[in-house]
Structure formats: structure tokens, C-alpha cells
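These notes are about the structure you will find just below.
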Amino acid sequence: MARVVVDVMLKPEILDPQGQAVANALPRLGVSDVASVRIGRRVEIEFEGEADLERAREIADKLLANPVIEDFQIKVEEA
Amino acid sequence: MARVVVDVMLKPEILDPQGQAVANALPRLGVSDVASVRIGRRVEIEFEGEADLERAREIADKLLANPVIEDFQIKVEEA
Amino acid sequence: MKIGVVTFPGSLDDGDAARAARIAGAETVRLWHADPDLHGVDAVVLPGGFSYGDYLRCGAIARFAPVMDSIKAAAGAGLPVLGICNGFQILCEAHLLPGALTRNQHLHFRNRDQWLRFTSVEGVWTGDYSEGQEILIPVKNGEGCYVADDKTLDELEANGQIVARYHNGNPNGSMRDIAAIRNEAGNVLGIMPHPEHAVEDLTGPSLDGLGFFTSVIKHIAGVKA
Amino acid sequence: MSIDTVERADSTPDELQPFAELGLKEDEYLRIRQILGRRPTQSELAMYSIMWSEHCSYKSSKIHLKQFGEKAPPSDRMLAGIGENAGVIAITDTLAVTFKVESHNHPSFVEPHQGAATGVGGIVRDILAMGARPVAVMDPLRFGAADHPDTRRVLPGVVGGIGGYGNCLGLPNIGGEVVFDPSYQGNPLVNALCVGVLPADRLQNKAAVGPGNIVVLMGAKTGRDGIGGVSVLASATFDEGSEQRRPSVQVGDPFIEKLLIESCLELYESKLIVGVQDLGGAGLTCALTETAAAAGTGMDVQLEKVHLREASMEPHEVLASESQERMLFIVEPSNLDAVLGVASVWGVIATPIGTVTDTGRVRVTWHGETVVDVPPGSLADDGPVYARPLREPADLILLQADRAETLPRPSTPDELRETLLRLVASPNLCDKTWVTEQYDRYVLGNTVLAQPEDSGIIRIDEESGLGVALSVDGNSRYTRLDPYEGAKLALAEAFRNVAVTGATPVAVTDCLNFGSPEDPAVMWQFAEAVRGLADGCQELGIPVTGGNVSFYNQTGAVAIHPTPIVGVLGVLDDVSQRIPMGFTQADDVLFLLGETTAEFSGSEWAWVTHEHLGGKPPRVDLGREQTLASLMQRASASGLVHAAHDLSDGGLAQALVESALRKNIGATVSLGSDPFVTLFSESASRILVAVSVGHRQAFEALVTEHEIPHSVIGVTGGSSLVFRDQFEIPLDELRSAWSETLPKLFG
Ligand SMILES: Nc1ncnc2c1ncn2[C@@H]1O[C@H](COP(=O)(O)OP(=O)(O)O)[C@@H](O)[C@H]1O
Ligand SMILES: [Mg+2]
């Protein structure tokens, strides 16, 4: 078993209402030194055999990320 | 400016219908060697000054993750 | 007899909850999320909607509102609190009720008229119903799937804290078909479907939702008497 | 790169400008130079290119749309009409209603979820800008073939976007349409309608009156959303390394919009503002120039005060940004603090960005340098106007000659039964619950009827029971066959859907979705459709109060079917008298009102069984529609009718199925001498009515008094649809045929 992690984040120029809402809530927790919060998806793909980066990239591209508004990064994670 | 990343994932025993849906769609893309897919949240927090791990842990604990269903991991990310 | 309805930024069914309380015979008081003063109300409703956009997790941000500190304290002292939909989510996030509400298993928002069956009518919000009674009220949510670990679920069941279950189909995948639960003391109730949308012939599928409001009114009258 | 200022423009008159890339014609560009007496700055060029675009200027449609005003019956009920953000109709001495339908087709194809979501957001702000509280939305949708892979991508996204935004905003969705046709394959249509209610004396105005008044921008921060042409501007000439600054899609934040709604209503109630305009397409450019032009004033704007999402934005981008969830207010200086106070209670950003002047110029500075100095009317009102060439499509005569009435028809009971089941399961006629379950219909607690009823009905006064009924309709196959009659048929259907509930239709809105106006055949279809709709409204005596035009809905040279969507608004004095569509009890007598003739061209039957489109659409008789409407008003007021359902796509068969499945009450029906025609013809102006036995005579008398042809076709009851001497289908079998189609296709 091997794990590939795909991090999908909104492109920097795209509005991120989620991150915005969290950032706005922080002062109520007494936190004031945070400049910004962005929220995306973390996708963990477990392969049955070897971690297949190419495969994962294809999956990310077709299924996990919306290329119009999102970018993604892929990495193999050590078990 | 420094960035802390909080990865929030559903606990393993909690059903993840979104991950399931992706896993179910994979055979249609010709992918058959994936054992499972889990989808969680990736939260990027930019601090104005130094990356404050303790602060981030507190935010994660109180706000970003719900301990009933989720676990989280924190790391400082190099710029 | 005063029932308070809280408005958070993004609350949507606050007007409906107030209307239902009014139809049931209560005076209603609108409570504002940023104001910790409960204005002497005899019961509180946390209404449906998308507080703070329901971004991050439903109810996760709302629970930090100043009014919630007061509600938590008052609930501990026995104040009746009803959380409907988003209100239920907030109650769980605030640890006034156990468990959590997660994404519907089919991943869609779903709005339909839903049958529920009461499994326990102990507690201050359900006195006007009877055990085994079936009611038809609207359900509408994207994250209404109740989850908790087995131990919690067993305890809820053993204590009679599961108030109602989905009947004739589970609209969101909730564990053990849970639609509504209460705390041990019986004064805090969370329900995913919307009783406040079933209080008038013209606008709802039934009048079955009115009982929650009439129950608490009777309860309060009893306490005051 | 330095900013292109007015001063610089003066000193570099010959600098090449990418006007063509921005969609401006050379003569349009020369006119801009003439208006300004110099070359435009980069910001000004951006502003003109947007404001003079088809989308904002209506340059191809203007001369046709005039008819709506000219032919409209004079009415003192209309408090605001075409040209305002939305039309406003007084429905009592103190209450008014405003409604409008708008398209968001292109953004929804690029990014279905966000495109559709922001479509809802945009139309809601139009309603809000009139001073109204939005109370409901509707969503007429068109997709390519139901089983096409692209539809599988687009439809769930669109539906999720509409639901996600509307639900989060707390607006009940009370109706719409889901229509599949291959002509929309590369060009789905996402139209959105919003209706709002206001005390008549709270009507708002967009005019930026009163020199010295403050211009306040409220709502979301401004980012690089939807800056299409303008990035071309940046990359084409001035800035080499800007490829990555592609136009970005607009992403909506319904939570902010909800806060904006509550803030606006509080500002209106406290009379804290003198003018308001929403920011939609063309963003600040449109809001600034339209408000100044409407008042005949000018404006000085310090653009750097606008809160930005990205610090690196340049002035032309700030002016062109289509970031969502923003409103512009004109505020007297003495009220400024109160306005900012309201914003902060609700947690929205509000920023004074300029002042109203009496200069007749909109001047925009950026950190002290003047980047814009224009007469606002030249952008808002005096854009180019074209009388584009029109030509009847070359294939129309042949198309009309190819009549569906000559196609082979089913005749045996078994064939008829099979045809009926096939039709109810077809994507256009099947159950739309898969879609509509994703929409909240209950929020606000005033929804009296919603999908799948003929109209959505919203109670607007809890005391008196006053309510409004709304329906949106449009059959583009009919319009393809005859745009003039097709537009009238769309109007007739929406009108009838409102009327069957017992409501009195009072006003019309429309969204005209067409191909390229530069194609004379498309332009002809457009002109004919507008003429048909305007004539129809004149005949019915109800005005078009507003709407929207969407051109360029085509893939390559192939245009979509011409698709005028018509929305009709009706009034019910007491919503408790509304007539629902579903049979309510057994043993009611079924009346079929209207005349049925063999009309199959453009029908669902011809399409589903023969993939045929040809001939001429059904005849439309608006006088008959009106008579039916007054009959239904009388019947509802006197409580004579238990259920009524209009006949449209799929004919009587479909109407019976829908009325029976609503509450699971069957019927037994006689089909007369030609069962096929009786079941599947799509003749217009017909209604199926269920009346209790005790009211049969009274109702029959009323029908006769109205001189409406009618017949008693059967009775309700049982658990099947029984067609005497023909065939019978159990309701369970009907329900599975009807309801399994969309779940099978979309999961
Ligand atoms: N996209 C949609 N959103 C909301 N309601 C819809 C949608 N599509 C269809 N409906 C509803 O489903 C019902 C049936 O639609 P349709 O067959 O087009 O009605 P009709 O033919 O009477 O105009 C109507 O109540 C309509 O409002
Ligand atoms: Mg209809």
C-alpha cells in the first residue's frame, strides 16, 4: 500500500469564502496576528501496490480538481 | 509572513461519502489499483510575523477540526 | 411566556421559528448573536439556516457567538433549548449535544416531506406527542447525517435520548436513522427536520410540527405555576 | 508599467490601442475619440468596451425591444418599467411586487456551479436594488441531450450552484424548467428569476442626485473576477508578461449576499440613502456611469479606496471587475456614519469612494492621478445602436412543410399504452424531483405552491392572504418552427399556468436567448419573437415590465433554437383559494376545457418517438386564454374546483399522469373517437379540471357562460389511470416510469 496526497487549492485570484469566514472568526478566539486563511481539499489516495504518481496526477486532473478555479499539488507520502 | 498548514481528516472510522464517490468513479477512468480515497480539508494560515505553531494548534483544536469526527495535523511550511 | 429566537448572520428560518412559536401561543423575542443578554426568555430556539455561510463546518463558527455563552450557561441550569437543522448542528458543535452532523451520504442537499417516528417523548419539547407517533414534516439540509461513536449511540439509546427516527426512508444516511436527540436532562433538543415549517395548512405538509412549540409552552406554564 | 492617465493620453494621441481585441469596431473607437476629444486612457477604453458591448448596451436588440413599451397597455400600476433594474407593479395601494428573469448562460458553461450560482446572486441584487425584499427564485434551464456526457457534467453543477446559492440566501425556489434538446449541447441556458416585495413608498432610485453626496461601495472586496476583455487589454499592448492573468470566473459568496440584503433593507427602512444601484455585469463601470447619467450629475471617485482582494490590481481592472455581492449607494453626508454603522452591525465592508458633483463628468483618480474623465451618458445611454439585417432562415419553408401530423401514429391500445409510458419517462416530461429536491422550497414560510405545480405561489401578506403566482415557460421547438407564434405560445403557457391556480395575471418578464445577432437569420428569429411577445402582451392587456437579452448562444455557426423564456406574474387576493394541480379526492368529475385538434408539429410525441421537428406549432388564441383565465378566477373565488392543471407538452396524457401522481389518486377517462389525438395533441388553451359531483352543474353553467368548449371526460379515483375501452396503467407503474429517468442519468 502506498499513499499519494493531492492538495487542491483555489487559485490565488479566486475568492475563497470559506477561508474568509474563518479568518473573520479568529478575532473572536483572541487571535489577531493572522493575515489570511485559505481553505482547500486534501485528498489521500491509497494505492494497492506502488504509489503511482502519474495515475494520481490523471485522477487529480480529471476528477479531483476543477482546473477553471483550482490548482493542485501531488506528493507521495511515506507510510 | 509565515505559513502554517493544518490538515484536517475525518477519523478513519467515520464514513467519508465524498471520498467514496471519487473511489467509485475511478474504474470509469480506467483506474483499478486504488484501495481507498479519503477527502479532508487543507487549511493554510498565513501569520503576519513568525509562524506560531502553538497558536495554530489552538485554532485547529477549537475551530478547524471537530474532535468528534476529525483528526488534524499541523506543520510549518517553508515559503 | 417568552420564546427567544436567535439570529446569527446567515440564519434563515428565524422568522419561521418565531412564527411557529407565535402560532403556538407564545410571545417571541428576537435574540441577536452578538448580544449575550437573553432578555428573560423562557426558552430559546436556534433556527435553521447557514450561519456564517456554514463555511468550514456547519455551526462551527456560530458556537463562538457571545449569545452562545449565555445559552450554554442557561441550558446547564435547565433553560429549554431547541436547535433545528443548523441549530442542531450548532448545539453539537457547542457540545450541548453529543455527536456531529456530517455531509449527507448522497452528497446532495435534499428537501422533501419526511415521516418521523417518536421513540421517546420524555423532555420538555415533546410532551404533546406520544411514543410511536408518526409525523410528517419537511427536511432540508446538505449536512444532516448524524454520526457518533457506538458507545455514544448506545448510551443515547439506553437513556431514551433518541427522540425521533426517520421513518419510511432515511434522507441523509443518519446513523440508526436518528432525526432528533435530546440531552440527558431533557431540556435541550436537536432536530434535523423542520417542525416550524409544518404549522400552517397553507404552507406546510401538515400541522405536525406545532407540538414542539405547544409542548414547551405547557412545560413552562407548569414550571411557573 | 505605469498607469495610463488622462494626461498621458493627451500627450500620446497616436499610441496604438487594442480596441478590436476588446470587441469594439473601428467606427466605435473613433466615436469614443470624438466624444473625449482625445484617445481614451486604458481605463476609459475598458469602460467603453464593456458598456458598449452587446450585453450592456443592447445595441442589436434595442430597436426591437422598444415595442414592449409602445404596445404596452397604459397602466398606473407600473411603478417602474423597462430600463430600471427590474419592473415594479403596485398590487395594492401600499404594496408592490418586482420581478425579473435574467440569463447566466456563458459563465455556466465554463464553470457550471459558480456560473449558475452567481446568476442567482445577480438577479437577486437587481430585485434588491428596487427597494424590495427578495422572496423567491425560479430557474428556467436548458441542457443538451440528457444522455450526453457533457450534460452529465453541466447539469449537476448548475443545479448544485442554483441550490447552493439560493438555499444559503434563504430564498425558496418555487419553480422553473428543465428542458433537454441537442440544440443546447454546446450552449446550455441558465436563466434565473427573482421576485421581491416592497411597500410602494420604499421604491428606490438609482439616480446619483445631489452634488456633495457621498458614493459608498458596500459588500465583498473587489478581485479579478470576470475581467474578460480587460485582461486582453492588459496583455495585448501594454504588458507582455500577463498571460497568467486570464479572465477568472466569478465565484459567489451567498453568505455575504444575505448580509447585504439585510443591510440594504435596513438602510431603505431608515431612509438613509438617496440612490442605490447593484453591481452586476460591468461592475463599478456600470454602476458609476448609470447612476450619474440617470441624475444628470457627475462624480469624482478615488478608486484606490476600493477594498481589493489582490493588491496588484490596476485601475482598469478595478473598474471592470465583476466581483459579486456588491452594491453602490448615494448617501447624504449627514447620514454617512449611520450607513457605515448599519454595515458594521451586519459585518459587511462599506467604503466611501467618491462624491457626486455637478460637473456632468465621471472623473476617476488613482492615487491622485486622473485615469478617467468621461461624460457618463456616453457610456450609459448613448452607446451604439444597430438595425441589423434580418433574413428568414433559408430552411424555414422546408421545415414548416415537413409536418408531424403526417407521421405514423400508434393506434392499438397496446401501442398507445407503450407510447404513453415512453413519453412520461422521456427526459423532458419525466419527474424533475432529482433537481427540485436540491432546492429549499419552505424557507420564509410563505410558499403556498411550488414545483411541480403549474405556478409557484407566495403569500406576501399574512394578514389578508394576498399572494402572487409565477410561472416561467418557453417551448423552443415551437419558436424554431415559428418565432412569432412560438413567442405567443410561450406567453400563453405562462399566462395559463398562472391562471389555472385562480390568480389574475398582471405582468410579464422575459429572457430572450438567441444565437448571434450578426447572423441575419438569428436576428430575424429575434425580431419575430419580440414582435410576437409584444403583440401577445398587447392582446392580453398585460405589460412587459423588464427582462434580459442573451445573444451569441451558439457553437460555431450553429445557433441554439430561439428561446424566449416568458415569466408571468399573477395576483391572488387570498391564497387560501388557490387551485392546486393534483387530484384531491375520488369521484370528482373531470372536465377538459378548450378544443383539441390534431396538432403534433413541434410536439413532445413527434420528438420522442420520431426525433422529428417540423411543421407549424399549435395555433394560439389569446382571447381564449383570457376567457379561461377569467373562468378560473371565478371558479377559485367561489370554491367550485378541487384541482386544475394546464395542458402543454405531452398533452392530456401528461396532464392526467401529473395530476394523478401528485396525491396518488387515479382516474377513469373516455378518449372519444380518436384516442391518439385526444391523448397526445398539444393544442393550446386547454385545462383539465376536477370538480366535485355536487358542484358539477354550477361549474358547467360557469363554463357555458364563458362560452368555452368543454367535455366531461371522466372521474377521479382508484389506483390506476383507466382509459375506457383502451388500456389501463397502475399508478405504481406510471410512477416508476416517470420518476426513474433523472436518477438513472445523474445518480
Ligand atoms: N429547474 C427547475 N427548478 C424548479 N422547478 C422546476 C424546474 N424545472 C421544472 N420545475 C417545476 O416542475 C414542474 C413541471 O415543469 P414543466 O413540465 O416545465 O411545467 P409546465 O409544462 O406546466 O410549464 C413545474 O412546477 C416547474 O416549475
Ligand atoms: Mg404547467
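Exactly one residue among C:ASP37, C:ASP16, C:ASP69 is part of a helix (DSSP H, G or I) and more than 30 Å from B:ILE14 (Cβ to Cβ), and that residue is C:ASP16. Pairing each residue of segment D:636-657 that is without any contact (Cβ under 8 Å) to a residue 40 or more places away in the chain and over 15 Å from D:VAL693 (Cα atoms) with any residue that is outside any strand (DSSP E or B) and within 16 Å of ligand 1 (Cβ to nearest atom), provided the two are 6+ apart or on different chains, yields C-beta distances under 7 Å for D:ALA655/D:LEU647. If the condition is being over 15 Å from C:ASP35 (Cα atoms) and buried (at least 24 other Cβ atoms within 10 Å of the Cβ), then segment C:70-80 contributes only C:PRO80.
Those strands (runs of 3 or more DSSP E) of chain B in which at least 3 residues are facing chain A (nearest Cβ under 10 Å) and more than 15 Å from the chain's Cα centre (by Cα), considering only elements entirely within it, cover B:34-47. Looking only at segment D:597-604, decide whether some residue is of a type in the set (S, T, N, Q), in contact with a Phe, Trp or Tyr (Cβ under 8 Å, 6 or more places away or on another chain), within 16 Å of ligand 2 (Cβ to nearest atom) and modelled with pLDDT of 95 or more. Taking every residue of segment D:597-604 in turn, at least one turns out to be of a type in the set (S, T, N, Q), in contact with a Phe, Trp or Tyr (Cβ under 8 Å, 6 or more places away or on another chain), within 16 Å of ligand 2 (Cβ to nearest atom) and modelled with pLDDT of 95 or more. Of everything in segment D:638-675, what is among the polar types (S, T, N, Q) and over 28 Å from the mean Cα position of the chain (by Cα)? Give them in sequence order. The answer is D:SER638, D:ASN664, D:THR668, D:SER670, D:SER673. Being within 14 Å of ligand 1 (Cβ to nearest atom) and farther than 24 Å from D:VAL722 by Cα is true for just one of D:GLY623, D:GLY614, D:GLY567, D:GLY582. Which residue is that? Result: D:GLY567 is the single residue among D:GLY623, D:GLY614, D:GLY567, D:GLY582 that is within 14 Å of ligand 1 (Cβ to nearest atom) and farther than 24 Å from D:VAL722 by Cα.
For segment D:588-607, the criterion of being polar (S, T, N, Q), away from ligand 1 (no atom under 14 Å from the Cβ), farther than 28 Å from D:ALA401 by Cβ and surrounded by fewer than 24 Cβ atoms within 10 Å (Cβ to Cβ) is met by none of the residues.
If you go through segment C:15-25 one residue at a time, do you hit one that is within 14 Å of chain D (Cβ to nearest Cβ), acidic (Asp, Glu), crowded, with 24+ Cβ neighbours inside 10 Å and in contact (Cβ under 8 Å) with a residue 12 or more places away in the chain? Looking through segment C:15-25, at least one residue is within 14 Å of chain D (Cβ to nearest Cβ), acidic (Asp, Glu), crowded, with 24+ Cβ neighbours inside 10 Å and in contact (Cβ under 8 Å) with a residue 12 or more places away in the chain.
Here's the yes/no breakdown for (1) within 13 Å of chain B (Cβ to nearest Cβ); (2) of a type outside the set (A, V, I, L, M, F, W, C):
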| position | (1), (2) |
| --- | --- |
| C:PHE109 | no, no |
| C:GLY127 | no, yes |
| C:ILE135 | no, no |
| C:ASP149 | yes, yes |
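Take segment C:52-69 and flag every residue that is within 12 Å of chain D (Cβ to nearest Cβ) and more than 18 Å from C:ASP37 (Cβ to Cβ). Result: C:TYR52, C:GLY53, C:ASP54, C:TYR55, C:LEU56, C:CYS58, C:ILE61. Only residues that are buried (at least 22 other Cβ atoms within 10 Å of the Cβ), within 12 Å of chain C (Cβ to nearest Cβ) and over 16 Å from D:ALA116 (Cβ atoms) were counted in segment D:131-173, giving 3. Output the residue which, of all residues in segment D:469-520 that are within 19 Å of D:SER60 (Cα to Cα) and surrounded by fewer than 24 Cβ atoms within 10 Å (Cβ to Cβ), is nearest to ligand 1 (Cβ to nearest atom). For segment D:469-520, the residue satisfying everything is D:TYR484. Under the condition of being among the small types (Gly, Ala, Ser) and within 15 Å of C:GLY144 (Cα to Cα), which residue from segment C:159-187 is farthest from the chain's Cα centre (by Cα)? Out of the qualifying residues, it is C:GLY169. Scanning segment D:114-130 for residues being away from ligand 1 (no atom under 15 Å from the Cβ) and either under 14 Å from D:VAL101 (Cα atoms) or away from chain A (no Cβ under 14 Å) (or both) gives a total of 10. Is it the case that segment C:81-100 has a residue that's facing chain D (nearest Cβ under 10 Å), part of a strand (DSSP E or B) and either hydroxyl-bearing (Ser, Thr, Tyr) or surrounded by 23 or more Cβ atoms within 10 Å (Cβ to Cβ) (or both)? No, there is no match, as no residue in segment C:81-100 is facing chain D (nearest Cβ under 10 Å), part of a strand (DSSP E or B) and either hydroxyl-bearing (Ser, Thr, Tyr) or surrounded by 23 or more Cβ atoms within 10 Å (Cβ to Cβ) (or both).
Of the numbered criteria (1) away from every other protein chain (no Cβ under 11 Å); (2) at pLDDT 95 or above, the one D:SER108 fails is (2). Just name the residue that is nearest to ligand 1 (Cβ to nearest atom) out of those in segment D:649-668 that are within 14 Å of chain C (Cβ to nearest Cβ) and assigned to a helix (DSSP H, G or I). In this case the residue turns out to be D:ARG662. Inclusion of C:GLY49 among residues that are at positive phi and within 17 Å of the chain's Cα centre (by Cα) is warranted. Taking the conditions (1) touching a residue at least 60 places away in the same chain (Cβ under 8 Å); (2) farther than 30 Å from D:ALA527 by Cα; (3) surrounded by fewer than 21 Cβ atoms within 10 Å (Cβ to Cβ); (4) small (Gly, Ala, Ser) in turn, D:ALA350 satisfies each one other than (3). State all residues of segment D:421-460 that are within 11 Å of ligand 1 (Cβ to nearest atom) and facing another protein chain (nearest Cβ under 7 Å); if no residue qualifies, say none. D:GLU437, D:GLN438, D:TYR439, D:ARG441, listed by residue number.
Would you confirm whether or not segment D:354-373 contains a residue that is within 30 Å of the chain's Cα centre (by Cα) and either over 30 Å from D:ALA9 (Cβ atoms) or surrounded by fewer than 22 Cβ atoms within 10 Å (Cβ to Cβ) (or both)? No: zero hits.
If you check D:ARG403, D:ARG417 for being within 30 Å of D:PRO743 (Cβ to Cβ) and either in contact with a Phe, Trp or Tyr (Cβ under 6 Å, 6 or more places away or on another chain) or of a type in the set (D, E, K, R) (or both), only one passes: D:ARG417. Taken over segment D:566-612, the residue count meeting the criterion of being within 14 Å of chain C (Cβ to nearest Cβ) and in a helix (DSSP H, G or I) is 3.
Okay, residues lined up against (1) within 16 Å of ligand 2 (Cβ to nearest atom); (2) more than 28 Å from D:VAL195 (Cβ to Cβ):
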position	(1), (2)
D:HIS610	no, yes
D:GLY615	no, yes
D:ALA635	no, no
D:GLN654	yes, no
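The single condition among (1) within 16 Å of ligand 1 (Cβ to nearest atom); (2) more than 15 Å from D:ASP454 (Cβ to Cβ) that D:ALA637 does not satisfy is (1). Against the list (1) of a type in the set (Gly, Ala, Ser); (2) in contact (Cβ under 8 Å) with a residue 40 or more places away in the chain; (3) surrounded by fewer than 20 Cβ atoms within 10 Å (Cβ to Cβ); (4) more than 14 Å from every other protein chain (Cβ to nearest Cβ), the condition C:ALA164 fails is (3).
The values are calculated or read from the model by the stated rules, or taken from the named source; none is laboratory data. Note that the structure is a prediction, hence the values are computed from the model and not measured. Note: ideal-geometry Cβ built from the backbone for every residue, glycine included; neighbour counts use all protein chains shown.
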